[in-house]
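Below: the structure, in structure tokens.
Just so it is clear, none of the values below were taken in a lab; they were calculated from the coordinates. Values in this document were obtained by computation on a predicted structure and should not be read as measured data. FYI the Cβ positions are ideal-geometry reconstructions off the backbone, even for glycines, and counts take in every protein chain you see.
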Amino acid sequence: MEYKVEEISPVKRQVNITVPAEEAEAAVSATVALYKMRTNIKGFRPGKAPASIIESQNRNQIYNEATTDLVNMQINQIMGELAMAPLSRIDVDADLIERGKDFTYSISFEVAPKFDLPEYKGLAVEMEKAEVKDEELAEVEKRMLENAAEVKVIEDVRCPVDGEVVSVSFAAYKDGQVVDGIKAENFDLVLGQEQALPEFEDLVKTMTTGEDGEKEITFPEDFINTSLAGQTVVMKVKLHAIKERVIPELTDEVAKKAGGFESVEQMRQVISDSYMNSRQELNKSNAQKVLLKDLLDSVEFPLPPSMVEDRIERLTRDLEYKLDRQGKSFAATGKTEEQIREEFRSEAEETVKSEILLQSIAMEEGMDVEPQEIDQFLSRIAMQSKTPLHELKKYYEDNNLIMPLKDRILADKAMELVWDSADVKEVAAAGETKKAAKKTAAKKAPAKKAADKDAKKPAAKKTAAKKAPAKKAAPKKAADKDAKKPAAKKAPAKKAPAKKAAAKKADDK
């Protein structure tokens, strides 16, 4: 066998191979011999039929198998001799072997671009100091107490108010027929927490215990169920009961019931430690991103096209998988698959560049990934996504994602090496820096205050007037818009579907 490597581009290679006729003949003969041993021909004892008969009766299979085996063997040999690690699949351009003729074919694949590694050790980077505020811990305690609250039925016959829990049965009707999926029996809804469409809550607030009510409700244009978006239905509701939540005082007994803590003190310490660890990891991750961006900005190299396309494909399939688990499709995003793929392009290119750089560092440092590291990584993802490990592992195997996952782990290890060798300077959190700046400004203000006292009053009123509308409008455009979409998936009560989904998920498990 002879071969010649051709550089198609900085990231693509083509190898042209010529196999002498004798070697090609030997490959066919070896395959014929294998078929002879396992093929029964009438009139001949097993393994005694002439090779010519075996070859004529199984010609297509024999020549296909002989060609495939020869090519695979030679690819492994060539890759070993060239010490190349293809970044993409190896494409083979070959016809079948012919007896008495030299066998020529070519293979092509993408490789990592050649570039000089930048200095990646001892780099300076700033990391925000982790801190946990008392109000954050107080908010956690508040939520825990709310979860431990007892719900008691209010005996008074009256209309419910925000903060109270109502038990309702409801259904949406269109042209006299119940709308599929917009129906629930004895559903508990907390009023005033935006768990349902405002019009639905307004209707419930006009009713008293035991009363029936109905009202026309128009679903918003961005309703998650696109078939109902902008549609008007008649919502019929029955109010079964009004309940109040009695929140207990925080005691050792409540702490034990809430999370198995021995005391309130231990609970607070565990929560504080958990917050601190999470904040430290988050700040470290943010600092690592800055460090990596500085490294990426210091080098330029071409990206393998198929590697970018493969990354786009994986991002698209991951999104499809997540949507599928929620009972949705690409149509629920309001975009076509082509649009989604194009939106992923810049992210894919940045990720590929990061992987190539970090893998080059890993290669320079002689790093590798053990099988147990892959299993540990998948276990973490399974826990975070609440997906059964065997199901997640099968998904990765079926979609050929194990090798890309190995590359990702290798890149992570290289990033840790860069981080461990970095000169990390801890700085005050952004919030603390702003507070310090405000204090400095406040100290300087009195010197100017006397002269500008009268002039500042109108300006202050004008500023407040300008900011008020912006502050009010922001939640609708940003936070509320995204929050309402998934919550209002199937019913006017936004969390009704979530509750059903959660129950279904528990049953499935």
Could you give the distance between the Cα centres of the stretch 55-71 and the stretch 208-275, to the whole Å? 67 Å
Under the 0.36 nm per residue contour assumption, what length would be gained going from the current alpha-carbon distance of Glu364 and Asn76 to full extension? 101.3 nm
Residues of the stretch 104-146 with backbone nitrogen within less than 12 Å of a virtual label 7 Å along the Cα-to-Cβ line of Arg245, please, listed as ranges. 142-146
With each label point set 7 Å from Cα along the Cα-Cβ vector, what nm distance links Thr68 and Glu342? 3.9 nm
Please give the contour-minus-distance gain from Ala429 to Glu22: 0.36 nm per residue of separation, less the Cα-Cα distance, rounded to one decimal in nm. 139.2 nm
If one computes P(r) from the Cα atoms of the stretch 71-114, what percent of pairs lie at distances over 15 Å? 50 percent
Can you compute the modelled spin-label distance between Ala149 and Ala94, with each label point 7 Å from Cα toward Cβ, in nm? 7.1 nm
In nanometres, the difference between 0.36 nm per residue of separation and the alpha-carbon distance of Tyr173 and Gln14 is 50.8 nm
One point scatterer per Cα, no solvent, Debye formula: log10 I(q)/I(0) for the stretch 254-426 at q = 0.13 Å⁻¹ comes out as -0.89
Descending packing, highest mean Cβ count within 10 Å first, for 423-430, 263-270 is 263-270, 423-430
May I ask for the distance between the Cα centers of the stretch 291-356 and the stretch 90-152, given as a whole number of Å? 11 Å
